[in-house]
Amino acid sequence: MAGRYDHNPFAEEEEVNPFAGTGSVPPATKSRLSPLPPEPAGFYNNASIDIPLDSTADLKKKERELQAKEAELRRREQELKRKEDAAARAGIVLEEKNWPPFFPIIHHDIANEIPIHLQRLQYVAFTTFLGLFACLLWNIIAVTTAWIKHGDVKIWFLSIIYFISGVPGAYVLWYRPLYRAFRKESAFTFGRFFLFYLLHIGFCIFAAVAPPIVFKGKSLTGILPAVDLIGDNVLVGVFYFIGFGLFCLESVLSIWVIQQVYMYFRGSGKAAEMKREAARGALRAAI
């Protein structure tokens, strides 16, 4: 029994060279493994350790912020819906700009807002609006050639004024009133359209003639300056004759439109309604 516990567990074990001799190692002898090579300097410093940045408190804070944003969005949606409902009850139509498609600046939807029996007439009226745009744009081109050949800058400035005032003015003064009159059947709006559309027709006829009133009429491409200029310069004269043809076509088409609108106005009973409204307005003014 004593021999079993003679070995000291704390005593250093004898090192054994595994390459020395070929004899067998006694079973009681234990070899110690060779030490691992030392790690290079900075081994532990270069090791990347992923430490989560968001703690539980940060996650809860972000969750509260998201909930607050969602509540704010719901509040804004409810406020917008409340305003839309109030506008609808008051008869106010929120119009989204959708024309021209590449750069919307006005609201225009004949197919969905104008009664089907009036859509053709509205399209033709819209054609006269675009025709006025084309006439005044070509007027600038023709007058520019006359300015280059004859050196009178005043007629060019007048052509620019005609364009920048005529196109927006036509939309506001007569095209938009006709659009609303057809959509809402308003007699007063019809009256506004007739007044300013007659002025539009008068301007087109005046431009087609272009009498020598303002700078010998050369600021407009009418027949009189066209005849006068074609003798001096053929190119300028041809440009003016083209402008004369455009203004003539615009005048004829506009006359047809106002005739058709007036026939519908009389036939639908809006003329009598307009007279009654005018009489009530005069009575209120007198009282």
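The figures follow:
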item: Largest-first ordering by accessible area, 1.4 Å probe, given options THR56, THR128, THR145; result: THR56, THR145, THR128
item: In order through the range 169-184: 3J(HN,Hα) via Karplus (6.51 cos²θ - 1.76 cosθ + 1.60), integer Hz, x for Gly, Pro; result: x, 5, 5, 6, 7, 10, 6, 5, x, 5, 4, 6, 5, 5, 7, 10
item: Which of HIS117, HIS200 is most accessible, then next, and so on - probe 1.4 Å; result: HIS117, HIS200
item: Counted charge near VAL143, where neighbours are those whose Cβ lies closer than 13 Å (Asp, Glu -1; Lys, Arg +1); result: +3
item: Rounded to whole Hz, the Karplus (6.51, -1.76, 1.60) HN-Hα couplings of the range 128-133, x for glycine and proline; result: 5, 5, 5, x, 5, 4
item: Order by protection proxy (mean Cβ within 10 Å, highest first), peptides 227-239, 61-73; result: 227-239, 61-73
item: Å² of accessible area per residue within the range 56-180, as computed with a 1.4 Å probe and no ligands counted; result: 66
item: Placed amide H near TRP99: partners under 5 Å, 5+ positions off or other chain; result: ILE105, ILE106, HIS108
item: Cα extents of the range 162-259 along the three principal axes, largest first (Å); result: 53, 22, 18
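The values are calculated or read from the model by the stated rules, or taken from the named source; none is laboratory data. Quantities reported herein were computed from a predicted structural model and do not represent experimental measurements. Cβ: placed from backbone, ideal geometry, glycine included. Neighbour counts: every protein chain shown. In case anyone asks, the SASA skips ligands and DNA or RNA and just uses the protein heavy atoms, side chains included. Shrake-Rupley method; radii C 1.70, N 1.55, O 1.52, S 1.80 Å.
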